[in-house]
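All remarks here apply to the structure that follows.
The values are calculated or read from the model by the stated rules, or taken from the named source; none is laboratory data. Note that this is a predicted model, so its numbers are computed, not measured. Here the Cβ positions follow ideal geometry from the backbone for every residue, glycine too, while neighbour counts run over all protein chains shown. These area figures cover heavy atoms from the full protein model, side chains too; ligands, DNA and RNA do not enter into them. Shrake-Rupley method; radii C 1.70, N 1.55, O 1.52, S 1.80 Å.
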Amino acid sequence: MKPLLKLFRYLRDFRGSLVVSLALLIVSTALGLVQPRLIEYAIDQGIKANNLAAVIWGAAGILASALLSAGLNLAAGFALIKCSQGFGYQLRNGLYQKIMGFSFANLDKWRTGELMVRLNSDVNTVRMFIRMGSFMIVSSILMIVGTLIAMFLTNVWLAGIMAFIMPVIMIIFFLVAMNIRPLFMKARKAVDALNNAMQE
């Protein structure tokens with residue numbers, strides 16, 4: 001985790017875009033949490049009460065919030081892409097400058113194929129984390145917290161059941177993630193070997 005935090009210094013020039021994207025993501029997630037309330041309003045105040053106006057207003061609210069949420073998601077994604085591309089550009093330049101300063105002993109230790117993987121595959125992996133991973137992490141956390149609050153406001157007993165199930169799901173998720181990391185490292189070493197073979 002510490003090396004990953006060190007890499008974030010390459011995002012300093014793109015802090016504005018990052019903050020804007022996170023703000024848009026928060027608003028978009030909030031709109032997604034509003035939609036179930038609008039459905040509840042359309043059913044309780046409209047269909048059950050035989051009130052056509054309430055149904056129309058509820059449907060219009062659902063449609064408007066969905067369109068606005070999609071637009072904000074698109075804008076947040078654009079800002080994150082801008083951040084990730086700039087981050088990848090600066091990180092790749094930094095790595096290139098570091099490699100150019102290597103001694104002959106360093107170049108004997110690190111083969112060309114391994115250096116190529118660091119300059120391309122590894123940088124792209126971190127860049128994709130900035131672009132997609134951060135988006136999914138922030139969105140998931142906001143959605144989980146907001147959903148729990150909405151459930152407790154709706155029905156405490158049912159919310160208690162979900163609050164018990166969700167930690168179990170999180171544990172399963174982390175177990176799967178722990179098993180994926182060795183597979184990723186194995187794939188990266190295979191790419192190193194392939195690049196070295198191509199070099200030969």
*Taking segment 44-89, which residues are farther than 23 Å from Leu25 by Cβ, open to solvent by less than 60 Å² (accessible area, probe 1.4 Å) and in contact with a helix residue (DSSP H, G or I) (Cβ under 7 Å, 6 or more places away or on another chain)?*
Gly46, Ala54, Val55, Gly58, Ala59
*Does any residue of segment 31-43 turn out to be open to solvent by less than 40 Å² (accessible area, probe 1.4 Å) and in contact (Cβ under 8 Å) with a residue 40 or more places away in the chain?*
yes
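Pick from Arg92, Arg111: which is over 17 Å from the mean Cα position of the chain (by Cα), open to solvent by 60 Å² or more (accessible area, probe 1.4 Å) and modelled with pLDDT under 75?
On the way: Arg92 fails: modelled with pLDDT under 75.
Testing whether each residue is over 17 Å from the mean Cα position of the chain (by Cα), open to solvent by 60 Å² or more (accessible area, probe 1.4 Å) and modelled with pLDDT under 75 leaves just Arg111.
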*Answer with yes or no whether Leu22 is more than 21 Å from Ala150 (Cβ to Cβ), open to solvent by 70 Å² or more (accessible area, probe 1.4 Å), in contact with a helix residue (DSSP H, G or I) (Cβ under 8 Å, 6 or more places away or on another chain) and aliphatic (A, V, I, L, M).*
no
*How many residues does segment 71-102 contain that are touching a residue at least 12 places away in the same chain (Cβ under 8 Å), among the small types (Gly, Ala, Ser) and closer than 19 Å to Leu33 by Cβ?*
2
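Of these, Ile130, Ile137, Ile180, Ile149, which one is modelled with pLDDT of 80 or more and either open to solvent by 60 Å² or more (accessible area, probe 1.4 Å) or within 30 Å of Leu22 (Cα to Cα) (or both)? Full working, then the answer.
Values: Ile130 fails: modelled with pLDDT of 80 or more; Ile137 fails: modelled with pLDDT of 80 or more; Ile180 fails: modelled with pLDDT of 80 or more.
After applying the criteria, what remains is Ile149.
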